[in-house]
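Just below is one structure, and these are the notes that go with it.
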Amino acid sequence: MASPPVRTSSRDSVDALLAACAGGDPVSFTPVYDALGPVAYGACLGVLRDPDHAAEVTQEVMVEVWQTAARFDATRGSARTWVATLARRRAVDRVRSEQSRRDRDQRDTDLRMGESTRDVVVEDVERSLEGSAVRRCIEGLTPTQREAVVVAYYGGLTYREVAEQLGAALPTVKSRIRDGLNRLRECLGVRHG
């Protein structure tokens, strides 16, 4: 006689599923992913506010859940709480990483702008205003668009190199860069001809 299907909505059954997949059985991880993937995504989205970034971080979290399932201790909390905590931490780390990257890019941009000395004051003022507008417009992009555009143009990388560096699919990277550049054109008032 076949055993009844496990209900993944109750706390005990999700905890039991997570404990069962700690042995490394890929089949046992599928119901864990189905039950806890949405929990991780919700926690990530709450921190990141960007569905693309939240989906990427959710994948990282669920890989971590798979790899560290043996560390789960049901006496310290539920599987849902454990996964939500992992997701929040990973999302906060992503936010900090993005902020550090933006700060580094800004410092690099500021250094490059500071190194060039001009004889004409008007030219300096115009460049400064243009640079401020570009920075403001870049900040208006989604985090995924901003990351792709900055890596491509400040890093001088090809689409394929950007995709490899970001660990994203080539069509996804192309879309992010295209959409980001279109938003920059609109923000800066540049007509596309």
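The values are calculated or read from the model by the stated rules, or taken from the named source; none is laboratory data. Keep in mind that this is a model prediction, so the values were computed, not measured. Reconstructed Cβ throughout: ideal geometry from the backbone, glycine too, with neighbour counts over all protein chains shown. Surface accessibility is based on the protein's heavy atoms, side chains included, excluding ligands, DNA and RNA. Shrake-Rupley method; radii C 1.70, N 1.55, O 1.52, S 1.80 Å.
The table that follows gives values for the structure above.
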item: Boolean, L157 is more than 16 Å from the chain's Cα centre (by Cα) and surrounded by 12 or more Cβ atoms within 10 Å (Cβ to Cβ); result: yes
item: Subset tally (residues that are of a type in the set (D, E) and within 20 Å of the chain's Cα centre (by Cα)) for segment 73-96; result: 1
item: Unmet criterion (only one of (1) touching a Phe, Trp or Tyr at 6+ places or on another chain (Cβ under 8 Å); (2) open to solvent by 30 Å² or more (accessible area, probe 1.4 Å); (3) at pLDDT 85 or above) for T58; result: (2)
item: Failed item, numbered, when R96 is tested on (1) at pLDDT 80 or above; (2) assigned to a helix (DSSP H, G or I); (3) open to solvent by less than 100 Å² (accessible area, probe 1.4 Å); result: (3)
item: Single residue of R80, R88 found to be touching a residue at least 24 places away in the same chain (Cβ under 8 Å), assigned to a helix (DSSP H, G or I), open to solvent by 20 Å² or more (accessible area, probe 1.4 Å) and under 15 Å from S13 (Cα atoms); result: R80
item: Out of D110, D50, sole residue that is open to solvent by 70 Å² or more (accessible area, probe 1.4 Å) and within 30 Å of A133 (Cβ to Cβ); result: D110
